[in-house]
Amino acid sequence: QVQLVESGGGLVQFGGSLRLSCAASALTFSRYAMSWYRQAPGKERELVAGISSDGSTTNYVDSVKGRFTISRDNAKNTVYLQMNSLKPEDTAVYYCRAVFFRDAYWGQGTQVTVSS
């Protein structure tokens, strides 16, 4: 059974940093494009960052460009999201997603709370 398990969330002050991890199991990780989404209370889930299967291409929503960095380690079946200069508006549940053609999986999410 495919599992995506996020970790690294928590409470951080304005301007602080967190590093999220998403560990995948029971799939050929190196085939999958990976992405991070977030959902704040009362808002729709939005794409935050994505990375291609080989890590050569990344993309970010404008609001996090220059602050967040997505990366992956295919040997460890893990994708990361380094979040710097955090703002209260970054507060949300963060989810990782794996996609390979019609196969798509979500993790269970990890809460990130940024205090002002």
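The values are calculated or read from the model by the stated rules, or taken from the named source; none is laboratory data. For clarity, every value in this text was computed on a predicted model and none was experimentally measured. Using ideal geometry, Cβ is built from the backbone for each residue, glycine included, and neighbour counts are taken over all protein chains shown. Calculation scope for accessible area: heavy atoms of the full protein, side chains included, ligands and nucleic acids excluded. Shrake-Rupley method; radii C 1.70, N 1.55, O 1.52, S 1.80 Å.
Inside the range 3-25, residues that are aliphatic (A, V, I, L, M), under 13 Å from GLY107 (Cα atoms) and open to solvent by 40 Å² or more (accessible area, probe 1.4 Å) make up a count of 2.
Only residues that are open to solvent by 50 Å² or more (accessible area, probe 1.4 Å) and at positive phi were counted across the range 26-60, and they come to 2. Among the residues of the range 15-41, which ones are farther than 19 Å from SER115 by Cβ and part of a loop (DSSP other than H, G, I, E, B)? Result: ALA26, LEU27, THR28, TYR32.
When LEU86 is tested against (1) in a strand (DSSP E or B); (2) buried (at least 18 other Cβ atoms within 10 Å of the Cβ), exactly one condition is not met: (1).
The number of residues in the range 61-83 that are on the phi > 0 side of the Ramachandran plot and surrounded by fewer than 17 Cβ atoms within 10 Å (Cβ to Cβ) comes to 1.
Among the residues examined, SER116 qualifies as of a type in the set (S, T, N, Q), in contact with a Lys or Arg (Cβ under 9 Å, 6 or more places away or on another chain) and modelled with pLDDT under 95.
Residues in the range 101-115: is at least one closer than 17 Å to ARG19 by Cβ, open to solvent by 70 Å² or more (accessible area, probe 1.4 Å) and of a type outside the set (A, V, I, L, M)? Yes, because at least one residue in the range 101-115 is closer than 17 Å to ARG19 by Cβ, open to solvent by 70 Å² or more (accessible area, probe 1.4 Å) and of a type outside the set (A, V, I, L, M). Scanning the range 53-98 for residues that are in contact (Cβ under 8 Å) with a residue 24 or more places away in the chain, under 13 Å from the mean Cα position of the chain (by Cα) and within 21 Å of ALA26 (Cα to Cα) gives ARG72, THR78, VAL79, TYR80, TYR95, CYS96, ARG97, ALA98.
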